[in-house]
Amino acid sequence: LNKEDNKKINLYNLDKNIINKKIKIGIINNYFNIGGSNVFMNELYKYFKIFGFNVKIYCEKINKNVLNNNNLIDKYDVINISNIDFNEICNNLDYLLFNGYVPNMIIENKFNIQACKILITHSDVAYSNYYIKVYHSYLDKILTVNNYTKSKIERFNDIESNKIHKIINYVDLNHDVKLNQTNNKVFGIICRFSDDKNIIMLLFSLKRFFNIYNNYKFYLVGYENEIIQKYI
């Protein structure tokens, strides 16, 4: 809720009527580091800043090297949540976004926050879905990144569909970069080989794919994993 005019504002469909209003936004992340959910947080932060909003990022752990080399974020806007009290986060915020993580101080206070509370989940098997399952009644909105996750959350948690919205993950490319225009049939992924990435399903899918399209090359880039190596 925007306290100034007491109207709901759609933060992912911004228009000129709300530019530069003194909207205060808090983004909560478990660990400020590299990774997909951090990229999502960086992009949210950047565009909220462009529109003149007051944005802070709260994390339980912060990788100082990553923070100091991040040219998108003012390092003074990144705050260790362990160094502040609950009221400092909650007082006068208009929006509080949980980027796949809810800290204990929020849970212990039973989400007693006046701000509009939004939780972001990045996958249908993400740990953040535990928070949705247990605490969805405390949340005002839930954001997902695809229709499958949206429908799965609705189905298994009996949540009304108008409470859940889809925003597709993306990265804003530097338009000066020359993209490869060759016809080489090469593709791949770079990611953690963790359970939530479901690499095993990917490998079975690739097996079927290459039975039909054997003129492609695929690169699977990550780290050593004994179980996945057996499937490879």
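The values are calculated or read from the model by the stated rules, or taken from the named source; none is laboratory data. Being a predicted model, the structure only gives us computed values, none of them experimental. With ideal geometry, Cβ positions are generated from the backbone for all residues, glycine too; neighbour counts draw on all protein chains shown. We work out accessible area using only protein heavy atoms, side chains counted, and drop any ligands, DNA or RNA first. Shrake-Rupley method; radii C 1.70, N 1.55, O 1.52, S 1.80 Å.
General remarks:
- Among (1) open to solvent by 60 Å² or more (accessible area, probe 1.4 Å); (2) aliphatic (A, V, I, L, M); (3) at pLDDT below 85 - the single one residue 134 does not satisfy: (3)
- Scanning the stretch 1-57 for residues that are open to solvent by less than 60 Å² (accessible area, probe 1.4 Å), modelled with pLDDT under 90 and part of a strand (DSSP E or B) yields a single hit, 2.
- Residue match in the stretch 108-124 (condition: within 17 Å of residue 93 (Cβ to Cβ), acidic (Asp, Glu) and surrounded by fewer than 18 Cβ atoms within 10 Å (Cβ to Cβ)): no
- Matching option when the condition is exposed (fewer than 13 other Cβ atoms within 10 Å of the Cβ) and modelled with pLDDT of 75 or more, among 174, 211, 184, 198: 211
- Some residue of the stretch 59-71 being surrounded by 13 or more Cβ atoms within 10 Å (Cβ to Cβ) and among the β-branched types (Val, Ile, Thr): yes
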